Structures are given as C-alpha cells and as structure tokens.
1. Of the residues that sit in segment A:223-247 and are among the acidic types (Asp, Glu) and touching a helix residue (DSSP H, G or I) at 6+ places or on another chain (Cβ under 9 Å), which one is farthest from A:Ile341 (Cα to Cα)?
2. Which of the residues spanning segment A:137-173 are farther than 27 Å from A:Thr236 by Cα and in a helix (DSSP H, G or I)?
3. Can you tell which of A:Glu362, A:Glu297 is under 19 Å from the mean Cα position of the chain (by Cα) and either within 11 Å of chain B (Cβ to nearest Cβ) or at pLDDT below 95 (or both)?
4. Please go through segment A:381-410 and pick out each residue that is over 14 Å from B:Ile347 (Cα atoms) and at pLDDT 90 or above.
5. Pick from A:Lys400, A:Lys323: which is among the basic types (Lys, Arg), away from chain B (no Cβ under 14 Å) and in contact (Cβ under 8 Å) with a residue 12 or more places away in the chain?
6. Where residues in segment B:350-378 are among the polar types (S, T, N, Q) and more than 7 Å from every other protein chain (Cβ to nearest Cβ), which of them is nearest to B:Leu276 (Cα to Cα)?
7. Output the residue which, of all residues in segment B:415-433 that are more than 11 Å from every other protein chain (Cβ to nearest Cβ) and touching a helix residue (DSSP H, G or I) at 6+ places or on another chain (Cβ under 8 Å), is surrounded by the fewest Cβ atoms within 10 Å (Cβ to Cβ).
8. Among A:Pro429, A:Pro389, A:Pro433, A:Pro382, which is the only one that is in contact with a His (Cβ under 8 Å, 6 or more places away or on another chain) and more than 11 Å from every other protein chain (Cβ to nearest Cβ)?
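The values are calculated or read from the model by the stated rules, or taken from the named source; none is laboratory data. Predicted model, so just to flag it, every value in this text is computed and none were measured. All Cβ positions, even for glycine, are placed from backbone atoms using ideal geometry, and neighbour counts span all protein chains on display.
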Amino acid sequence: MPSTDQPVPAPAAQAESPAPIQQSEASKLTGAELKKQKQAEKAARRAQAVQGKHIPTGPPPAIQKGEPKQQKRRGSTSGSRDLPIRQSESNAAPKPPPVEDKTVEFFRHLSKPHRKTIAGTPKDIHPAAQILGMQFSTYVICGSTARLLATLEVFKELVQSYVVPPRTTLKLHFTTHVLNPHIGYLISFRPLSISMGNAISWFKREISKVSIDLSDVEAKKRLCDAIDLYIRERVTFADHAIAKTTTEKVRDGDVILTYAKSSIVQRSLLQAHAGGKKFRVIAVDSRPLHEGKNLAETLANAGIEVKYCLINGLSHNIQDVTKVLLGAHAMMSNGRLLSRIGTALVAMEAKAAEKPVIVLCETVKFTERVALDSIVLNEIAPADELVIPGGALEGWRDVKKLQLCNPMYDVTPAEYIQMIVTESGCVPPTSVPVLHRLVNEPEIQ
Amino acid sequence: MPSQQAGFAPNLGFYLKSLKAQPVESSIENLISLLKRRQITNSRPCAVATAHLLLQVVAKFRWTNVDKLIERIQDVGRRLIEAQPREMVVGNIVRRVLGMVRDEAKEERNDDASDSASNSQMGSPRQDHSDQGASHLGGPPPSFSPLRFSTTEDSDSTEANGDDVFGGKHQAASRPPLITSHTSYAPAGGLPPQKSMFQLLSANPSPASTPSGAQSPHNTSSLNASSLAHRITTSSKDLKAEVIEGIEEIVDELDQADDRIAAQSLEYIHSNEVILTHSSSKSVQKFLLEAAKKRKFTVIIAESYPNDHEATHKSVTRSISTDAEGADELSTPKFSKSLSDAGITVILMTDATIFAIMSRVNKVILATHAVIANGGLIAAAGARIIAKAARVHRTPVIVVSGVYKLSPQYPFEFESLIEYGDPGNIVRYQDGALVENLEVDNPVYDYVPPDLVDLYITNMIVADHYKSEDINFDKPELQ
C-alpha cells in the first residue's frame with residue numbers, strides 16, 4: 001500500500017456506510033457475518049497499530065463491511081474496545097445458524113465479490129478509471145472489443161496525466177506504481193477479458209522498450225502514439241478487414257442466425273446490407289443481459305428483416321438458417337471458442353442441423369490458454385442480476401439451500417466451428433495457436 | 001396473459017365444482033370455452049377436466065345401446081379436441097374412456113354369449129373385424145385434418161427407426177384394423193350377430209344405477225384392465241355403472257400418477273448426483289422429493305424463460321400460492337414442500353447455461369407435455385436443446401410422464417403440434433419501435449426426437465389403453 005493511501009477522504013467513507021447499513025439491518029446478522037466482522041476488526045486493529053489510522057483500506061465487499069465499520073467506530077469511541085466487544089460477540093455467535101455459502105460449488109473458484117460502487121476507491125486512482133469501472137459493472141461498456149478500447153483509452157489518459165516523480169524514470173516507475181494498481185482496480189469491477197490481457201502485456205512490453213534516454217514528454221508521446229497505432233492496427237483495421245471478408249461471404253437470400261450481440265457481427269451485417277445484399281437475420285438472445293435486443297433493434301432500424309427470439313426458440317428457427325455468425329470473447333489455443341453463455345448451444349444446434357458456423361474474431365482475442373470445459377475458465381457475474389424486479393426470486397437469499405448462478409461465458413467445442421474470420425484471413429479452429437504466435441507474441445520467435 | 005388471472009378467474013377447480021350443478025350441454029360448452037381461452041392449460045388439468053366431464057356425460061346420457069354411447073362420447077370428444085387440438089391429453093382421455101366402454105361391452109357380451117354355442121367365435125372379435133375390414137383398406141383417401149396429422153400408413157413408414165418405445169407396440173399390432181373395424185361397429189354397417197342380444201341387455205338403464213361419485217370405491221387402486229375384466233365377469237352389474245366406475249378409476253389414476261412415478265425415484269437417483277431439470281413440473285418435483293427422503297443430491301433447474309420462469313421461480317422460492325393447476329382443489333394439499341426444504345441443494349440457472357454446466361450433470365430429468373406415437377416428446381420449449389446437450393455430453397435423459405400423456409397421434413410435421421406463446425413476454429409493448437419492426441418468435445413447446453431420450457418413467461405398465469377403433473375418432477375422414 002502506498003503511503004498516499006492514508007488520509008482517506010471522510011465523505012467517501014460516509015457515502016459508503018449509510019446504504020449498506022440499511023441493508024444489513026434488514027437482514028439478520030449471521031455467524032459468518034460476525035466472523036467477518038471480527039476479522040475486519042482484527043485487520044483494523046492491525047492497521048491502527050501500524051499506521052495509526054481508523055479506517056481500513058483495500059477494496060472491501062461493500063455490503064458486508066458496512067456493519068463492521070459502524071461497530072468499529074463504536075468500539076473506538078468506547079476506549080477499551082477489545083475485550084468487551086469480543087465478549088458480547090462470542091456470546092451472540094452461537095445463536096444464529098451459520099450463514100450458507102450462496103456460491104455454486106463447482107464455480108466457487110471463480111466467485112469473487114464484484115465491486116459495485118466507486119466508494120472506497122484508493123485516492124491515486126485516476127477518475128477515468130473510476131468511470132470505466134462503473135461502466136464495466138453496469139454493462140454500459142460490455143463486450144470484449146469495447147472493453148479493450150475503453151481500457152486502452154484510459155491507459156492513454158494515465159500516461160498523459162502521469163508526472164514522473166523525482167529520482168526515477170517513467171520506464172521504471174510507471175508500470176509498478178501507476179499501471180498495475182489501475183489494472184487491479186479495474187479487475188475489482190469485472191475480471192479482465194482475454195483481449196485486455198493481451199493488450200496489457202503488449203503495453204507493458206512497450207513501456208519496457210522505452211529508451212531511458214528519452215525525455216519524459218517524449219516518452220509519454222511515444223507511448224500514446226503506440227496505443228493509437230495498436231488500436232488502429234489491431235481493432236479498427238482488423239474490424240474493417242473482417243467485416244469486408246464477412247460481407248463477401250453473405251449471399252442474396254441468406255438467412256443468418258446470430259447470438260447475443262457482437263459488434264463485429266453487427267458491423268458486418270450492416271455493411272452487407274448497405275452493399276445491397278438481400279438477407280434475413282434471426283437474432284437469438286438470452287437472459288439476463290438481453291444484448292441481442294440491441295442488435296436486433298439496430299439491424300431492424302437499418303431496414304434488415306429481423307426475427308428475434310430467445311434461446312427457447314432456437315430449435316424452431318435453426319432449420320431455416322443458411323449461416324450462423326458468432327462473435328467471440330476469445331479463441332482458445334485448442335480451437336475452442338469462449339463466448340457469451342449460450343453460444344455453445346447455438347453452435348451445437350447448428351452443427352446438428354448441418355449449418356455452417358462462422359466465428360468473427362480479431363486476433364487480439366486469441367490466447368495461448370486452452371479450455372476443455374466452461375467451468376475452469378469463466379466469469380461469474382453477480383447472481384442478483386438474475387432477479388427480476390417484483391418477481392418471486394427477490395427473496396432468494398433467504399431460501400435455504402437455494403443458489404443462483406450466473407456465468408458469463410461458455411466454451412464451444414472446436415468441431416462445431418467451420419471457420420474463423422480474422423483480419424489475417426479465414427482459418428480453421430486448428431490454426432488458432434499458429435496465428436496467435438505469429439501475431440500476439442512476435443518477440444518470442 | 002393467463003397467468004394474470006388470479007383467484008376469481010375460472011380455472012379447473014371452479015369448473016369441477018360447476019359440473020354437478022349444470023346441465024351437461026352447458027358443461028361441455030363451458031369446458032370448450034375454457035380450453036379455447038387457455039384458462040385450463042397443461043396436461044393434467046385438461047385430463048382431469050375431460051375425465052370429469054365424460055363422467056357427467058355418461059351419467060346423464062340416456063342411451064339405448066352401447067353404440068349410441070360411443071357415438072355420444074366421440075361427439076363430445078371431437079368438440080373438445082377441436083377447441084384445443086394441441087392439448088393432446090384431451091383426446092387421450094376420450095380414447096381411454098371409449099376403449100373402456102368397448103371393453104365393458106365386450107365383457108358383457110362374452111358373459112351372455114358364454115352359454116351359446118358360438119362362444120369360440122366370440123373369443124377373437126378383433127380378428128374377425130380385421131378380416132372383414134381388409135376389403136375396405138384401400139378406401140380412406142389421404143385427407144388431412146387442420147393439424148396435418150399423417151394417416152397411419154404414412155407414420156408406419158416414416159418411423160422405421162427402432163427407437164419408439166411406446167408407439168411400436170400398439171401400432172404394429174393394431175394398425176391394420178384401426179381404419180376398418182369402426183365401420184363394422186357403426187350402425188350402418190353389417191351388425192355382428194351377437195349385437196342384437198347385447199342391445200337387449202343394455203337397453204334399459206335403470207335410474208337406480210346412475211351412481212353419484214360416492215358410490216364408487218375410491219380405494220380401488222387396481223387399475224389394470226385384466227383385474228377389471230375379472231371383476232366384471234364375476235359380478236353382473238349394469239353396464240352403465242361399470243362405465244362410470246371405469247371413468248372414476250381413470251380419474252383416480254390421474255390423481256395418483258405423480259405419486260406412482262415418484263415411488264420409483266430411488267431406483268434412478270443415487271447419492272451426490274447432480275441432476276438437471278427444466279421448468280416447474282409437479283411430476284419431476286415429486287419425483288425428486290421422494291428421492292430426497294433417502295438421499296442427498298444437487299438439482300440444477302433451468303428456469304424456462306420466458307413462458308414458465310415465474311412458476312419456476314415460485315417453485316424454488318416456495319412461494320407457491322395461485323397455481324395454474326388450481327392446486328387448492330386437486331393436487332394433494334400436503335405437497336407444499338420445496339426441494340430446498342427437503343435438504344437438496346437447488347441451483348437455479350438460465351436456459352443459456354445448459355451447455356456450460358452439462359459436463360457436471362449426471363442425469364437429466366424432464367417432464368413432458370405429451371408423448372407422441374414415435375416416443376418423441378412435446379415438451380416445454382428449451383427441452384430439445386437440453387436433451388441435445390445431454391446427448392453431446394453422453395448424459396442420460398429420463399422423462400417422467402403419466403401414461404395419460406402417451407398419445408397415439410403422429411404428426412406429419414412436428415411444427416403443427418407446437419404452440420406459440422405471447423411475444424409480449426419477450427419484447428414488451430413499451431419497447432415501441434421494436435414492436436413495430438421485429439418479428440418475435442415465442443414457441444411454448446419443443447419437439448424432442450425419441451433418440452434423445454434414454455428412459456421413460458410412467459405410472460404403470462404401458463398397456464394398450466386405446467382401442468384401435470378410437471385412434472382417429474376425432475377425424476371421421478380417416479375412419
């Protein structure tokens with residue numbers, strides 16, 4: 001923890017506490033919550049001993065920490081805080097039943113609390129990163145490419161606003177003291193996408209390549225230019241090339257099925273329509289994000305004939321389809337596609353109906369990692385996103401042994417995929433590792 | 001829309017109460033409109049309503065011979081099916097009743113004829129009919145009902161694959177007589193010699209023999225036809241009383257079907273399994289609850305959005321109150337436990353996650369709306385991708401279904417059996433421009449091909465409940 005952390009602004013702390021307190025007062029205090037309180041108190045005492053301050057740092061899971069904070073304040077006002085409070089807690093502890101873990105067992109390794117507010121943000125986090133974090137968390141910026149672009153733009157702002165401290169250089173200081181905390185902060189809202197991971201390792205390589213002789217201004221300019229170039233080459237131009245190739249693949253009379261929303265699929269279809277191709281689109285969608293509705297709306301407004309259905313209508317529509325176009329979150333090195341949850345079902349039905357499945361994917365989304373199932377590598381979104389306002393699920397946390405699970409991605413087997421359209425051409429799934437080495441790891445050769 | 005009608009809307013419970021008071025004709029009209037307006041939906045309520053209505057029809061109909069009764073039941077059945085052709089259980093129940101009437105009539109006949117010398121000839125009436133009918137076989141023109149069901153000859157050829165668990169049996173055995181034998185029963189056709197005698201005996205239904213519900217022994221759980229037949233031969237009750245008793249047994253069977261299926265659950269579920277199921281089926285829930293008495297396991301429930309998710313959510317959070325089935329009257333009141341109460345870990349997931357979690361699932365248990373002649377299912381939309389994903393992962397798929405859901409129908413085009421729901425469930429009317437520009441598709445049912453199903457669990461041994469004469473009773477052009 002950097003020492004700048006110490007004077008946490010009081011308004012922020014206060015802004016954090018009221019709402020959570022209301023919530024935790026409504027729900028009963030249970031054993032594990034008490035345990036957490038105790039742990040938090042312990043941590044606070046330790047922090048006090050070390051730094052002599054009253055409010056703990058770090059990004060705590062906001063909802064459960066609201067209560068402990070209040071207790072701590074009470075404790076610190078009562079002077080001799082340790083023993084009496086601990087006593088009363090240990091008396092109260094056995095009574096309430098142990099709170100159950102609401103995370104699903106086989107996804108537990110992925111279930112991390114997601115930060116929901118910017119309250120409690122460390123002071124040295126750039127405002128642009130705070131905004132981006134909130135946009136991630138509310139799915140305003142959603143989708144692998146959009147998140148990549150937004151992150152790179154924030155990196156650019158970080159570089160521009162960065163002032164090199166005395167007795168050090170940008171090259172030595174920036175990555176560890178500015179970039180990494182910001183990446184960590186963004187991860188606390190949502191895990192990194194594969195494309196973001198690729199871009200970050202590229203950016204760190206770029207920073208390490210900056211010559212130590214360059215002036216700070218020049219070094220910053222060089223980094224910003226590098227980011228611009230990267231965006232242009234790996235995203236803008238790549239999208240352009242992919243859309244062009246895909247447009248050529250669309251024929252008159254085609255019925256194209258797509259799932260959820262992919263920016264590159266949308267762009268390709270719009271471009272094909274503008275090019276005078278006559279085709280129909282079936283947009284399949286699913287809960288809880290309903291991204292496909294956005295796509296369907298955009299396409300329909302452009303004048304394309306669109307049929308919209310949810311995944312329960314998939315089997316009914318697959319027979320009419322001539323091509324399936326899918327977006328990607330990432331392409332794994334074993335040729336499998338990591339994409340929005342439900343994509344594997346679409347590809348499976350397409351395979352069963354013998355329809356070609358074409359994946360549109362920039363090479364920046366390729367990764368050397370492999371995945372055999374959808375459980376090891378995934379992202380679990382907060383389960384409360386599944387609750388329909390006013391529906392029966394609102395009180396699901398009070399129902400014993402009931403768990404909600406909201407994974408974000410699934411892995412589509414390589415045998416369901418006929419072709420991957422990239423900016424470097426159309427390749428089969430087996431060529432993913434080769435292309436990845438060529439494009440994303442040029443230094444290793 | 002139907003879900004919005006709360007307590008006061010007419011539902012199954014109300015209908016059954018009204019049955020006793022109203023004249024038969026208005027009861028029939030009432031049920032027809034309830035079916036048309038989808039105020040009685042789903043297999044079991046439809047089956048129960050049909051059985052109760054037929055009970056009234058038989059009880060209040062004054063008939064002089066058994067053909068008249070059969071005609072009357074067929075006529076009522078036709079009207080009900082026309083009202084809602086996709087509720088296949090309605091037709092099934094009518095067929096069951098018709099078959100039962102025919103059985104009773106035959107028994108009666110055999111009793112009477114046992115003295116006469118022509119006994120040996122009576123022993124195989126069906127054989128006679130089919131022989132007689134052979135000359136008629138070329139007759140039926142290939143005409144189709146609005147739903148475009150195939151004629152039976154067509155279906156026999158298209159379902160050559162050996163996977164039909166139920167269909168094969170009664171098709172192979174009884175298809176040939178099915179088209180023709182009815183004509184031999186029809187009043188216009190040549191009457192078999194024994195018919196006149198049997199007319200004489202059943203001609204005068206005594207008023208005393210019109211039993212109320214209380215008269216029938218409710219505790220009789222022996223539902224199979226052979227014991228029924230045995231009882232009939234020993235006692236010589238009036239035919240009408242027998243028929244009414246038979247219908248009451250069907251009603252009892254409908255009541256007990258889920259419990260009888262559930263009783264077998266321990267044979268299929270072992271400890272620490274992960275079981276995937278779909279939407280909110282009472283049969284599946286009872287099945288799992290029964291197993292939960294002895295074993296601990298995990299259940300993953302796919303919520304079946306957008307048509308059944310509310311019921312699913314209610315069933316997992318145990319806020320079951322107003323149920324589409326009219327639970328207050330009919331389903332056993334003691335059943336209010338949810339799975340999570342029974343100590344099972346319940347994981348609710350969206351339909352899209354099925355492929356992702358299928359690698360962790362040990363068994364898939366599905367409920368169904370109907371089972372058609374080739375063993376394929378008409379089940380809640382989404383069932384097909386579940387069954388398919390299970391097949392891809394080599395996970396066994398078990399279907400629990402009462403025998404009353406087995407239908408002898410076999411459509412040309414499965415799409416004809418699929419009902420489409422309210423697109424407003426997917427794109428709300430508030431979405432304005434979207435509603436204008438989009439075509440929205442919301443199927444309620446899926447067709448699941450039989451090769452995706454590993455096992456059917458039913459409430460009793462699948463016997464020939466339907467008489468071949470009645471398979472196409474609702475389509476006179478095929479008879």
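1. First pass over segment A:223-247, keeping only residues among the acidic types (Asp, Glu): A:225, A:228, A:233, A:239.
Applying the additional criterion that residues be touching a helix residue (DSSP H, G or I) at 6+ places or on another chain (Cβ under 9 Å) yields A:228, A:239.
On the way: A:Asp228: 31, A:Asp239: 23 Å.
The qualifying residue farthest from A:Ile341 (Cα to Cα) is A:Asp228.
2. Residues of segment A:137-173 that are farther than 27 Å from A:Thr236 by Cα, as a first pass: A:163-173.
A:Leu170, A:Lys171, A:Leu172, A:His173 - these are the residues of segment A:137-173 that are farther than 27 Å from A:Thr236 by Cα and in a helix (DSSP H, G or I).
3. Details: A:Glu297 fails: under 19 Å from the mean Cα position of the chain (by Cα).
Among A:Glu362, A:Glu297, only A:Glu362 is under 19 Å from the mean Cα position of the chain (by Cα) and either within 11 Å of chain B (Cβ to nearest Cβ) or at pLDDT below 95 (or both).
4. A:Met408, A:Tyr409, A:Asp410
5. A:Lys323
6. Result: B:Asn362.
7. Step one: of segment B:415-433, the residues more than 11 Å from every other protein chain (Cβ to nearest Cβ) are B:416-417, B:419, B:422, B:424, B:429-430.
So of that shortlist, the ones also touching a helix residue (DSSP H, G or I) at 6+ places or on another chain (Cβ under 8 Å) come out as B:417, B:429.
Values: B:Leu417: 23, B:Tyr429: 9.
Of everything passing the filter in segment B:415-433, B:Tyr429 is surrounded by the fewest Cβ atoms within 10 Å (Cβ to Cβ).
8. Unique residue meeting the criteria: A:Pro382.
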